[in-house]
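The values are calculated or read from the model by the stated rules, or taken from the named source; none is laboratory data. What you see is a predicted model, and the numbers here were worked out from it, not measured in a lab. Positions of Cβ are backbone-derived with ideal geometry, glycine not excepted, and every protein chain shown enters the neighbour counts. For the accessible areas, the whole protein counts, side chains as well, though only heavy atoms, and no ligand, DNA or RNA atoms are used. Shrake-Rupley method; radii C 1.70, N 1.55, O 1.52, S 1.80 Å.
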Amino acid sequence: MKTKILDILYENKNSPVSGQSFAEILGVSRTAVWKHIKSLISDGYSIKSYSGKGYCLEEKDIINEYELKKCNLNIPIFYEKIIDSTNNLAKKSNVESDFAVFIAEIQKNGRGRLGRNFESENNKGVWISFLMKPDMPPEDALIITIASATAVCKTFEEIYGIKAGIKWPNDIILSEKKVCGILSEMSCETNAIDYIVVGIGINVSQKQSDFSKEVSKIATSLLIETQKNVRRTKIISSLCYNMQEIYSLLKKGDNDEIIRRWKVFNITDNKKIKIIKNGDVITVTSIGIDKKGRLIVEDAKGEKLVYSSGEISVRGVMDYI
Ligand code: BTN
């Protein structure tokens, strides 16, 4: 019933629909209509009641099963209002499909790289995980994170018209602050990836004061950077489309195209950066990435070194991240 009421409200977005009309269309009493409207309001919808005219839906940024269905994405999508982590949800899912999406409004225990916490206990971001089953050896998996970062940047370009930067391997940067982080986790057999979960956390509508004191120093949101209010389902639609495109490049093994896209957004090339490895800090010049997505740098002696993401942390692109 609530779905039908929403359908009618969306069809008549700028003209109020009377309780009587709802009752006639749906074959229920006006009291029943009112009860469902109240329930929709408690679900988070903003429904204005105009006396003598009826009910009208106001634009609101909501993610739920109904709103996700309206995106017509044609891929398996799993939604939970509150979850510990969408990466955990994806890992536990046992889905048959080789591409599936997991979304939550709120994460109670959002996880970041290197065992860090990722602030996402609010409904102001896109907390999403993509489960994929590419046919490739585990040691090549880094390119999946690199490719996913380009999909995020493409989405920001399409929706906000802004160019974000990728700080290798998994940070998306705007105005020298982090707007999005990516955490890839995989399960593998000896020679092949069983599945990989790419978890993407995008700060969408936080104000600077919404972040904790600690995170506020290094994080920003799309709202802060652009002053634009965008529905998260719009970002999700574009990202799902761009991630599907990335997945088909990965399946084709078209790493050259992935690297070409990465170069457009990369902000570390030809810069002096600090690399932290086992607690030691060395200053090197970043040169690029290889076909597996590994970072190529040159040390002070001019010697080339290649790093994969698990072993090092990159600093000094900005001072604080
Ligand atoms: C990082 O910046 O270190 C990576 C952050 C990744 C956060 C996303 S939000 C969706 C998915 N679920 C998680 O618990 N983490 C990722």
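Go through GLU303, GLU298, GLU225 for me and flag whichever is open to solvent by 20 Å² or more (accessible area, probe 1.4 Å) and under 28 Å from SER129 (Cα atoms). Outline the logic, then answer.
Values: GLU303 fails: under 28 Å from SER129 (Cα atoms); GLU298 fails: under 28 Å from SER129 (Cα atoms).
From the options GLU303, GLU298, GLU225, the qualifying one is GLU225.
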Legend entry - Total residues in region 162-214, condition touching a Leu at 6+ places or on another chain (Cβ under 8 Å) and outside any strand (DSSP E or B): 9
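For region 232-266, which residues satisfy the criterion of being more than 20 Å from the chain's Cα centre (by Cα) and not acidic (Asp, Glu)? First the steps, then the outcome.
Filtering region 232-266 down to residues more than 20 Å from the chain's Cα centre (by Cα) leaves 251-257, 259-260, 263.
Within region 232-266, LYS251, LYS252, GLY253, ASN255, ILE259, ARG260, LYS263 meet the criteria.
Yes or no, residue by residue, for (1) closer than 30 Å to SER313 by Cα; (2) within 21 Å of the chain's Cα centre (by Cα):
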residue	(1), (2)
TRP34	no, no
LYS38	no, no
ILE63	no, yes
LYS70	no, yes
LEU73	no, yes
GLU80	no, yes
LEU89	yes, yes
SER93	no, yes
ILE103	yes, yes
Inset, instruction - Identify, from the list THR190, THR155, the residue that is more than 28 Å from GLU65 (Cβ to Cβ) and hydroxyl-bearing (Ser, Thr, Tyr). - result: THR190
Legend entry - Those residues of region 55-76 which are loosely packed, with under 13 Cβ neighbours inside 10 Å and assigned to a loop (DSSP other than H, G, I, E, B), in sequence order: GLU59, LYS60, ASN72, ASN74
Inset, instruction - For GLY52, work out the one condition from (1) open to solvent by 70 Å² or more (accessible area, probe 1.4 Å); (2) at negative phi; (3) away from the ligand (no atom under 16 Å from the Cβ) it doesn't fulfil. - result: (2)
Inset, instruction - May I ask you to list the residues in region 246-297 that are without any contact (Cβ under 8 Å) to a residue 60 or more places away in the chain, within 21 Å of GLY165 (Cα to Cα) and charged (D, E, K, R)? - result: ASP256, GLU257, ARG260, LYS263, ASP269, LYS271, LYS272, LYS274, ASP290
Inset, instruction - Look through region 183-207, keep the residues that are open to solvent by 60 Å² or more (accessible area, probe 1.4 Å) and under 19 Å from the mean Cα position of the chain (by Cα), and return whichever of them is farthest from the ligand (Cβ to nearest atom). - result: LYS207
Inset, instruction - Name the one entry in THR283, THR268, THR220, THR233 that is open to solvent by less than 30 Å² (accessible area, probe 1.4 Å) and farther than 18 Å from ILE173 by Cβ. - result: THR233
Inset, instruction - Could you list all residues from region 155-173 that are more than 14 Å from the ligand (Cβ to nearest atom) and not small (Gly, Ala, Ser)? - result: THR155, PHE156, GLU157, GLU158, ILE159, TYR160, ILE162, LYS163
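Based on this model, can you work out whether ILE47 counts as in contact with a strand residue (DSSP E or B) (Cβ under 6 Å, 6 or more places away or on another chain), part of a helix (DSSP H, G or I) and among the hydrophobic types (A, V, I, L, M, F, W, C)?
So ILE47 does not fit the description; no.
Filter the strands (runs of 3 or more DSSP E) completely within region 77-154 down to those with at least 3 residues that are more than 11 Å from the ligand (Cβ to nearest atom), open to solvent by 10 Å² or more (accessible area, probe 1.4 Å) and closer than 29 Å to LYS228 by Cα. Steps first, answer last, please.
On the way: elements: 77-83, 99-107, 125-132.
In region 77-154, the matching strands (runs of 3 or more DSSP E) lie at 77-83.
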